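Presented below is the structure to which this report refers.
The values are calculated or read from the model by the stated rules, or taken from the named source; none is laboratory data. What you are looking at is a predicted structure, and each value in this text was computed from that prediction instead of being measured. Every residue, glycine among them, receives a Cβ derived from its backbone with ideal geometry; neighbour counts consider all protein chains shown. Each accessible area value is taken on the protein alone, full model and side chains, heavy atoms only, with ligands, DNA and RNA left out. Shrake-Rupley method; radii C 1.70, N 1.55, O 1.52, S 1.80 Å.
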Amino acid sequence: MNRKYLALALAGACVSVSAVSAQAQERSAVRPDFAVVDREAVRVIVYRPRVTVGEQSTGGLFEPRADWNDQARQFLDAALVNSQQALGHSVIAPPEISGEQGRLLNQYQALFNSVADSVINYQFFVGNRLETKKRDNRNSQFDWSLGPGVRNLPGAEGADYALFLTTTDHYGSTGRKVLQVFAALGGVGVQSGVHAGYAGLVDLKTGDILWINADKQMGGDVRTPDGAARRMSQLLEDFPLASPAAAAN
Amino acid sequence: MYKWIAPALAAAALTFSAPGWAHKLMGAGERVEVARSGMALTPTTDWNKLSYRPGKFAERWTMDGEMLNDVIFYTVPANEPLLREVDKRNRPLPQFQANMLAVEIPQLLESTKRIANDVAIFTTTSSTPAKLGGVDGVKFTYQFVGTDELRRNGEAFAAISNGTLYMISYEAPEIHYFDKDLENYRKLVESVSIAG
Amino acid sequence: MRPLRHLVAAGLCLAAPSVASAAEDFTIPSWTGAYQPQGEDERGLWRESDEIERAMVDSELVIRDPALNAFVRGVLCRIIGDVRCNSVRLYVTRSPSFNASMYANGMMLVNSGLLLRMRNEAELASVLGHEFAHFEQRHTLQGFKNRRAGSDLAAWAAVVGALAISLGSTNATYQYTDLRLNIYGGIARFERKQETDANVLGFAYMAHAGYRPSAASDVWRAVMNEADQSAEGRKRRSGRYDNVAFFASHPTNLQRADYLSQLANRVPGGDFDGAANYRAALAPWRQTFLEDQLKLNDFGGTDYIITRLAGGEQLTPDLLYARAELYRGRGHPRDLQNAIPLYREAIEKDPALVAAWRGLGLSLLRTGQMPEGKAALSTFLEHQPDTGDAPMLRSLIGA
């Protein structure tokens, strides 16, 4: 009796694991009316990416790791620099931001995260798609915006677009991964690791999201140079301002 | 002893795989009854009804997701909370009472949001007499900041009829979204009728 | 500066036999300067704190009132001295729960809910000193390491327990509960050691600054009493304080409050409370913080806070008003009857407290006293014609 149910439980666990890789989910989209006339003339302001890296202990407690965080920031920065060279557009660093300007940017980053979460939950996640978004999607619609107030963002006057970047990585410890398998046997859902990455290109005149790439389970180990490069290339995958040469690579 | 393994596995599978539930299209021009109780309305634009309810006596509609535009219909009988309890033992939600005055409803919603959504800053900015579905009640506006630190605005219409609280609230980020869908929400309110 | 060895000597003389040896007790260690993180764990925690602080700087929830910030910081600096104080960045946050926390990088967060509950500078000093002592003794990091080990075990236990139950073991529940208690007990024991160290150092700071040390035990007793009252108001038994945010990381019990008062008795310290200063500094905010508390649907706990703030004296007008609002908020028929005289007394004692007319009017209307209720609302509107819900109130009085 016990064995029979154990076998069933194992089968269930296998099914649910394979479901993760099998599930069809979109990860990026471009606004259909987005077209760039002169790639070389476009100015993109890149706001400070939010990078958080740590370990998820068996208990699920997030454990910050300074070495990983430092490495990830360094590697992702380098990867971003390499990408911008390859992509060939003009990148502008934001000015020093403090006080009211800092709080305004904070509001917009919070709004971007809410929009990115909504895009994932209700447009990319096909099984959970909002009915209105389904209709829109039949016409290849992708219509999400932060609103025209983005013109007031610090540094916006000298740029055409803003790029928002966020990565959050909680690596599962060995204990956590083993726990995950056993938990499945007991009918308890345990998530191992969080690897969320959001990238969005925003039109600084309209606030429209011209392009977004958002995934709660991204690849690339940001603690290594190669992994960070892979993460950055995944974040910037299908980046619409890519030069034809870079895109061909 | 074993019979709860199957449901447990099903539940576990749900957490891993794509949810099979579907949100419902509330198409323009179709008269619908909301929140299972006497309140009916006709949307003038398409809305989505989310498949999970925020409370036993509440129903949630949205355009772009509840984080960006969040309309909740309430039909709450006396001595019930507005939303689902988050921690009934340690942080019970306040309950609607039949002898409440309409002018006191804004504070009921404020208290509910402070407890259920961990809202630390909440300000009611106006409160005026208004009808909902032909019943005399209150229209009020508010601002709040939740745990995601995003400033949001709200507007709600509420009326008490036969010991039941009828309310429609609309909440959206102050930046861009609140203004974007305000008129669509107000048209929902205008079309409401309350039976009984 | 007061010679610290006198404190130590006095401590020895007064030491009660039930308390651990006091030879090292009330010595403030020499300050080693701004702390630099070492090793992987410390650097990790440091980094995370920096990220948290960056978020705090732009946060919507930070109270930036310079006067309030200067006052709270002033109390902290008075007990730990300017050199130590320079290593602290202090933020007052709008959050109604009783809590204060110190991060490994020198950032201290003080909740508005803590400020509401304190009655004087000495009580505030006892909490701030306690938090800073954890920082000086580097407990943030050690606590983190220990919690990590504990929660790893707890997660295993939860799964093993669930497995055992699902596979039919009859006594699994018992074993699981046992294991869980052992793990939590381990964390608690470890933290109790840290707590003792932090208390001793916290008392040394207070004594050094001339504050009344027994204010510390007043605070702990009050927080526990509030939790009890809160539970009673919700018609359940209490005796557990793990729902109080502060105690989640500072496990406590009644013995500890007793131990604290014994310890406090041995510190010569001073007798300075600073109650008048405290009231003056909080005056611009107390109404706001009380209103935040009133909206938490916690009748018993809030009633206790009001009583305690009165400190055995008659309720001040703002506390009379708060209690009246508390009764009206719960709104049982008898509550409304009780609220009416409280509003009236508040108005009598402080005619400038015009909000009381609003509450009085609504309570009268709800108890069927229509003419009196309308008159009270009219008086309120005469004083506050442009208030947010004036149109709503006018409709009630038919104006």
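Residue-wise test of (1) open to solvent by 50 Å² or more (accessible area, probe 1.4 Å); (2) within 14 Å of chain A (Cβ to nearest Cβ); (3) at pLDDT below 90; (4) closer than 18 Å to C:ALA281 by Cα.
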{"position": "C:THR27", "(1), (2), (3), (4)": "yes, no, yes, no"}
{"position": "C:ALA34", "(1), (2), (3), (4)": "yes, no, yes, no"}
{"position": "C:GLN38", "(1), (2), (3), (4)": "yes, yes, yes, no"}
{"position": "C:TRP46", "(1), (2), (3), (4)": "yes, yes, yes, no"}
{"position": "C:GLU51", "(1), (2), (3), (4)": "no, yes, yes, no"}
{"position": "C:SER59", "(1), (2), (3), (4)": "no, yes, yes, no"}
{"position": "C:ALA70", "(1), (2), (3), (4)": "yes, no, no, yes"}
{"position": "C:VAL75", "(1), (2), (3), (4)": "no, no, no, yes"}
Some residue of region A:166-179 being within 10 Å of another protein chain (Cβ to nearest Cβ), assigned to a helix (DSSP H, G or I) and at pLDDT 80 or above: no
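Output the number of residues of region B:69-106 satisfying the condition of being part of a loop (DSSP other than H, G, I, E, B) and either more than 9 Å from chain C (Cβ to nearest Cβ) or over 29 Å from C:GLY361 (Cβ atoms) (or both).
Total satisfying the criteria: 12.
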Residue count for region C:345-379, restricted to those that are part of a helix (DSSP H, G or I) and either open to solvent by 20 Å² or more (accessible area, probe 1.4 Å) or more than 12 Å from chain B (Cβ to nearest Cβ) (or both): 19
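Looking for whichever is at pLDDT below 75 and within 11 Å of chain A (Cβ to nearest Cβ) here; the options are B:ALA22, B:ALA28. Which one fits?
Just a single option satisfies the conditions, and that option is B:ALA22.
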Qualifying residue in region C:388-397 (condition: within 26 Å of the chain's Cα centre (by Cα), modelled with pLDDT under 95 and outside the structural domain of C:VAL219 (by TED's automatic domain parsing)): no
When residues of region A:100-112 are limited to those that are at the interface with chain B (Cβ under 10 Å from one of its Cβ atoms) and open to solvent by 40 Å² or more (accessible area, probe 1.4 Å), the one modelled with the highest pLDDT: A:LEU104
Residue count, region B:123-135 (criterion: touching a Lys or Arg at 6+ places or on another chain (Cβ under 7 Å) and within 8 Å of another protein chain (Cβ to nearest Cβ)): 1
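To keep it simple, each residue is scored yes or no on (1) closer than 21 Å to B:ALA35 by Cα; (2) without any contact (Cβ under 8 Å) to a residue 12 or more places away in the chain; (3) not in a strand (DSSP E or B).
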position	(1), (2), (3)
B:SER127	no, no, no
B:ILE168	yes, no, no
B:PHE178	no, no, yes
B:GLU183	no, yes, yes
B:VAL189	yes, no, yes
Residue tally, condition in contact with a Gly (Cβ under 7 Å, 6 or more places away or on another chain) and either over 24 Å from C:THR307 (Cβ atoms) or in a helix (DSSP H, G or I) (or both), over region C:88-134: 8
Every residue from region A:224-236 that is surrounded by fewer than 19 Cβ atoms within 10 Å (Cβ to Cβ) and part of a loop (DSSP other than H, G, I, E, B): A:THR224
